[in-house]
Amino acid sequence: MSGVQQFLSHFFITGPFEIGGDVSIGLVSIAILFILTRYKLWGWLWREWLTSVDHKKIGIMYLLAALLMLFRGGVDALMIRTQLAIPGNSFLQAEHYDQIFTTHGTIMILFMAMPFIFAMMNIVVPLQIGARDVAFPYLNAISFWLFFFGAMLLNISFVIGGSPDAGWVNYPPLAELRFSPGPGDNFYLLSIMISGIGSVATGINFLVTILKMRAPGMTLMRMPMFSWAILATCIDIIFAFPALTIALGLEFMDRMFGAHFFTVSGGGNPMMYVNLFWMWGHPEVYIVILPAFGIFSEIVPTFARKKLFGYTAMVTSLLLIAIISYFVWLHHFFTMGAGADVNTFFAIASMFVAIPTGVKVFNWLFTMYRGRIRTTIPMLWFLAFVPNFAIGGATGVMLAAAPADYQYHNSYFLVAHFHQVLIGGVVYGMLAGMYYWWPKMFGILLEEKWAKWGYWFFNIGFYVCFMPQYPLGLMGMTRRMYTYPAGMGWTTLNQISTVGAFIMGLGFIFIVWGIVTSILHPVKDTTGDPWDARTLEWSLPSPAPHYNFARIPQIEGRDAWWAMKQKGLTKLDDSTPIVPIHMPKSSGKPFIMGVLFFVAGFGFVFNWFILAALGMVGVVILLFSRSFEYDTDYYVPVDEVKHTEALYGRS
Amino acid sequence: MKRLKSPRKLGRWLLLGAASALLLTGCSPQQFSVLNPAGPVASSELQLIILSGVLVLVVVAFVIVLLAFIVGRYREKPNNNAPYTPEWSESRSLEIIWWAIPIVIVVVLGIFTGIKTFSLTRPPEATSNPMIVQVQSLDWKWLFQYPGQKIATLNYLEIPTGQPIEFVLTSNAPMNSFWIPQLGGMEMTMPGMQMRLWLQADKTGVYEGRGANFTGTGFAHMTFNVKAVPMATFTQWVSQVQSSKPALTNAEYQTLVKPGLAGVKEYSSYPANLFMKVVMKDNGGQKPMGLNGGM
C-alpha cells in the first residue's frame, strides 16, 4: 500500500502551484467537453479540424497553439519576475524556479516561436505562390500533430512526474542521470524529439512546395518576399534540426540505457553535446527570425503603398543570413576554452550577420521613403520592431566581440539581448503577421482599439522590463539565479524589470481581448483585399475556399495582384473554363499517430518500456497501413467549384 | 491612443525612462563591476566594450533618427505634399552605401577583436614567475588550490596585487563558469578538462566572484570574495595559513564533493595531486584535454 502511495506522490506533483495547475486544467477540460457535447460539436471537431489536411486549417491550429503556449510561457516569465522583484524572496524555492525558467525557455522557443512561424507559413505560402495546398498535405498534418502532442507531453510534466530543471539548453553533465534523476529531463528530451520530427517534415514539405508548386510564370525572382523568407527558413530547418535530434537522441541513450556519450566519467565528452546543440541552436535563431523578416517585407510595401526597395538585395541578404548562420554557433560558448584562433573566426563570422541584416533594415526604411505610410496595426508593430531590433542587433554585435563576451556571457546583459531580438524581432513579427493576415484566415477584420492598447502596453512594458537588464548584467548579475542578496545594487533595477513584465502581461491580455471582441462582433471582410495589398493571397475571397484557386493564375511579374489591379482587374481572370480540382482527402491517421507518439513518449519518460513499445508498434502499423492506402485523393466537381465561387460573388 | 505617437516621441520617453531608472536605483557607479576594472585584463576587455558600444550606438542612433524622419514626412495624411514615387525601388549608389558602412564597421571591430582575443591568452604582463591557482567548481562551492604555496581555500581567494595569475580550471560537478568581473571575463570550468584564464589585480580591494553557469539548486549561492593585497601581506597570509590552519584531508574533500553549501575555509595543505586526479577521474583515465587549445 505504501508503495502505491509513494508512487502516486512522485507521479502527481503536489505543491500549491501544481494543485492550482491541476484544478485549472481540470476545469478547462470539463468546460471544453461540456461545450463540445452540449452543442453537438464532436463530429464537427473531428471532420473539420482534427482530420483536416487543409494547410489553412492546420495553420489556424498552429496559431491557436502558439498563442496558448505564449500564455503558458508568459505565466512562467511573470513567476520568474515576481521571484526576482525582492532580494532573498521566498515566493519560489530553487527547485521551482529552476523548473520554471527551464520550461519558459523551452516553451517559448520550441512550442511558441516554432508553431507561430509554422502558422504563418501554412496560412500564407500556398496562397501566395498560387498553389492549392502544400506538396505533402498528409505529412503536413502529421507535422502538426507531432508538434501538438510533443508540446502536450512537455506541459503535462508540470503536474505529472515533475518539470525538467536543467535549463532549456539541457547541458550534460547537469542533465545526465547523476545530477538530474527523475523523469523531468526525459520530458524535455522526448517532447522535443517528437515535435522535432514534425519540424523537419515541415521544412522538407515547404521547400518542395515553394520549389515545385508555384503558379505558372512565377519565377523564383518574382516570388513574394515572405515565400523567399520561408524558403531560406526551410533550408535552415532541414540542415539544422538533425543536429538537435542527434544531440538529444544521444543524451536520451545516456539517460535511458546508461550510454556514455556525454558522461565524462565514462569517457564521453559534454563538449560534443554543446557543439551539436548550438549547431542547431544558432540556425534556429534565424529559423524563427527569417519568417519575421519576410512578414515585414510584405507589410511595409503594402502600408507604404510602394514597391519593396531592393528586391534583389533582400533575397541576397536572406540567403546570406541563412548560410552564415551555420558558421557562428561557437559564439554561444566563447568561454569554453576554444583557442584564440577559433574564437576569432567565430567572432568575426558572427559580426558578419549584422551586414545583411543591416541591409534589410535600410531597404525597409527606403521602401517607406517617398511612400505613403498608413499606420495600421500590422504597420505599428513594424515601426516598433525597427528601433527594438536595432538595439538588440547592436548589443548582439557587442556580444560577438569574443573578449568582451567574456564579461557578458551568462549575465543579464545577454538575457536582455536575446529577449530583445526574440521578442522585438520574432514576437513583434509574428503578431504583425497575425494582424495582417487575420482577415484572410477568418474573413473578419480585427478591431483596432484594444489592439492599440495591447500594442502600447506590450511595447512600453518591453522597454521597462528589459532595458534594466543590460545594466544588471554589467553589475555582475548572472542568469538562472533564483535569488540574490540585498546590497548588490540590483534591487531597484530588478523591481523596474518586474513592473515591465506585468505591463507586457496586460498588453497580452488586451491583444487577446481585441481578438475576442472582434469575434463576438464580427465585421466581415467582403472584398478579400482589405489592405489594398500586393500579393496573390489578396486576390482570393476571405477566407479562401478550401481549394484556394478555382483557376490557377498566370503570373507576369512581381507583386502579381498589384499589377492586376493596376490593369483595372478587381478579381482574378475568370475567362478560362473551370476544370475539376484535384484535392487530398482528410485523414484521421495523423492525429492518431500523434496520440501514439505521445503514448510512446510517456512510456519512455517513466521507463515503462512496454507502454513505449506499444506506442511505437502502433506508429509502425499506421505507417504501413498508410503505405497501402490508395484512396487518398479526390476531384472537386466543376459544379461544386462553380457553386462555391458563386457564394463569394465570383464565377 | 488615437493617433500614433511618433517614434521620436517614443525615443524621448525611453531616454527619460532610462535616465530616471538609473537615478532611481540609487546605486553607486562602483556597483557596475564590469565598468570598474581593477586589473589589466578587465581594462583591456572594457576598452573593447566601449569601442564596440560606440560603433554600434552610431548606427542605432542613425537608424532611429532616419525612421522618425521617414515616418514623420511620408505619413498618409491629407495635404501631404512630400514626394511620392510608388515605383522607385532601386538605387545602386544607396545600396552600395549601406552594404559598405556595416562592412567597414565589422572589419574595424573584427581586427580589434582578433588582436584582443590572442593577447588575452598570454599573461597580462611579462613575468618570469607567474603564480598558479587551481580552481575546482563543486556542488555548490569553489575550491582553490595554490600549488606554489601548497595551501588551499574554500569559497575565498586571496591574491597579491601586480602579479599575473594563471587560473587553471576544472569541475568535479556540472560545468560552471569562473567569473570575477572587476578582474576580467569568465572562463568555464569543465569536468575532465583544464581550462586556463589569466587575471591580475592592480588595486588592493575586495572583489566579488561568482559562478556564472547554472549547476542546479545551490547555484545562486556560489559566490566568493577575492581579496587583493600587496605581495608582502599575501606572503604573510600564506605563512599564517600554513602554520595555523588544518589540512584538507581526502575525507574532507569527499564531503565537499557532495551537493551542499559551505562557508569560507582555509587549509594548510591538500592531498597530493588532488587537482590532476580530479581531471583524470572524470576523463576515464585518459590524457586530459583542453590545455588551452580546444578539445
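Numbers below:
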| item | result |
| --- | --- |
| Members of segment B:88-97 found to be facing chain A (nearest Cβ under 7 Å) and over 18 Å from residue B:69 (Cα atoms), listed by number | B:88, B:89, B:90, B:95 |
| Number of positions in segment A:76-93 that are among the basic types (Lys, Arg) and surrounded by fewer than 15 Cβ atoms within 10 Å (Cβ to Cβ) | 0 |
| Options B:128, B:89, B:137: the member that is among the polar types (S, T, N, Q) and within 30 Å of residue A:300 (Cα to Cα) | B:89 |
| Leading residue by the ranking (nearest to residue A:382 (Cα to Cα)) among those in segment A:460-469 that are crowded, with 23+ Cβ neighbours inside 10 Å and more than 7 Å from every other protein chain (Cβ to nearest Cβ) | A:462 |
| Within segment B:47-71, tally of residues that are among the small types (Gly, Ala, Ser) and out of contact with any helix residue (DSSP H, G or I) (no Cβ under 7 Å at 6 or more places or on another chain) | 1 |
| Residue among B:85, B:117, B:121 that is in a helix (DSSP H, G or I) and at the interface with chain A (Cβ under 8 Å from one of its Cβ atoms) | B:117 |
| Residue in segment B:135-142 that is surrounded by 13 or more Cβ atoms within 10 Å (Cβ to Cβ) and either facing another protein chain (nearest Cβ under 9 Å) or touching an Asp or Glu at 6+ places or on another chain (Cβ under 6 Å) (or both) present | yes |
| Residue within segment A:352-361 that is farther than 22 Å from residue B:114 by Cα and more than 7 Å from chain B (Cβ to nearest Cβ) present | yes |
| Criterion: out of contact with any Gly (no Cβ under 8 Å at 6 or more places or on another chain), within 13 Å of chain B (Cβ to nearest Cβ) and assigned to a loop (DSSP other than H, G, I, E, B) - qualifying residue of A:309, A:303 | A:309 |
| Set B:177, B:137, B:171: member being closer than 22 Å to residue B:120 by Cβ, in contact with a His (Cβ under 9 Å, 6 or more places away or on another chain), small (Gly, Ala, Ser) and in the same structural domain as residue B:224 (by TED's automatic domain parsing) | B:177 |
| Candidate set from segment A:556-607 (those that are outside any loop (DSSP other than H, G, I, E, B) and among the β-branched types (Val, Ile, Thr)); member that is surrounded by the most Cβ atoms within 10 Å (Cβ to Cβ) | A:605 |
| Filter result (of a type in the set (Gly, Ala, Ser), more than 8 Å from chain A (Cβ to nearest Cβ) and either farther than 25 Å from residue A:180 by Cα or touching a Lys or Arg at 6+ places or on another chain (Cβ under 6 Å) (or both)) within segment B:160-209 | B:162, B:201, B:205, B:209 |
| Of the criteria (1) under 30 Å from residue A:548 (Cα atoms); (2) away from every other protein chain (no Cβ under 12 Å), which one residue A:424 fails | (1) |
| Those helices (runs of 4 or more DSSP H) lying entirely in segment A:29-134 with at least 2 residues of a type in the set (D, E, K, R) and in the same structural domain as residue A:167 (by TED's automatic domain parsing) | A:55-84, A:94-106 |
| Residue under evaluation residue B:214, criteria (1) under 27 Å from residue B:240 (Cα atoms); (2) surrounded by 24 or more Cβ atoms within 10 Å (Cβ to Cβ); (3) of a type in the set (Phe, Trp, Tyr), criterion not met | (1) |
| Residue in segment A:478-500 that is nearest to residue A:174 (Cα to Cα), counting only those that are crowded, with 22+ Cβ neighbours inside 10 Å and more than 9 Å from chain B (Cβ to nearest Cβ) | A:494 |
| Filtered residues of segment A:324-351 (kept if polar (S, T, N, Q) and more than 7 Å from chain B (Cβ to nearest Cβ)) | A:325, A:350 |
| Those residues of segment B:210-232 which are in a loop (DSSP other than H, G, I, E, B) and closer than 30 Å to residue A:176 by Cβ, in sequence order | B:212, B:213, B:214, B:215, B:216, B:217, B:218, B:222 |
| Number of the condition not met by residue A:296 [criteria: (1) within 24 Å of residue B:105 (Cβ to Cβ); (2) within 9 Å of another protein chain (Cβ to nearest Cβ); (3) at pLDDT 95 or above] | (2) |
| Residues of segment B:27-46 satisfying the condition of being touching a residue at least 24 places away in the same chain (Cβ under 8 Å) and more than 8 Å from every other protein chain (Cβ to nearest Cβ) | B:36, B:37, B:38, B:39, B:40, B:41 |
| Selected residue (only one of A:339, A:310, A:281 is under 19 Å from residue A:239 (Cβ atoms) and assigned by TED's automatic domain parsing to the domain that holds residue A:125) | A:281 |
| Residue tally, condition assigned to a helix (DSSP H, G or I), buried (at least 22 other Cβ atoms within 10 Å of the Cβ) and of a type in the set (A, V, I, L, M, F, W, C), over segment B:31-48 | 4 |
| Residue match in segment B:225-246 (condition: within 14 Å of chain A (Cβ to nearest Cβ), surrounded by fewer than 18 Cβ atoms within 10 Å (Cβ to Cβ), under 28 Å from residue A:84 (Cα atoms) and modelled with pLDDT of 95 or more) | yes |
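One line per residue, one yes/no per condition, for (1) closer than 24 Å to residue B:201 by Cβ; (2) at pLDDT below 95; (3) among the small types (Gly, Ala, Ser):
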| position | (1), (2), (3) |
| --- | --- |
| B:98 | no, yes, no |
| B:120 | yes, yes, no |
| B:128 | yes, yes, yes |
| B:139 | no, yes, no |
| B:146 | yes, no, no |
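One line per residue, one yes/no per condition, for (1) farther than 24 Å from residue A:436 by Cα; (2) modelled with pLDDT under 95; (3) of a type outside the set (Asp, Glu); (4) under 21 Å from the mean Cα position of the chain (by Cα):
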residue	(1), (2), (3), (4)
A:192	yes, no, yes, yes
A:212	yes, no, yes, no
A:223	no, no, yes, no
A:233	no, no, yes, yes
A:254	yes, yes, no, no
A:265	yes, yes, yes, no
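The values are calculated or read from the model by the stated rules, or taken from the named source; none is laboratory data. Being a predicted model, the structure only gives us computed values, none of them experimental. A quick note on method: Cβ atoms are made from the backbone with ideal geometry, for glycine too, and the neighbour counts reach across all protein chains shown.
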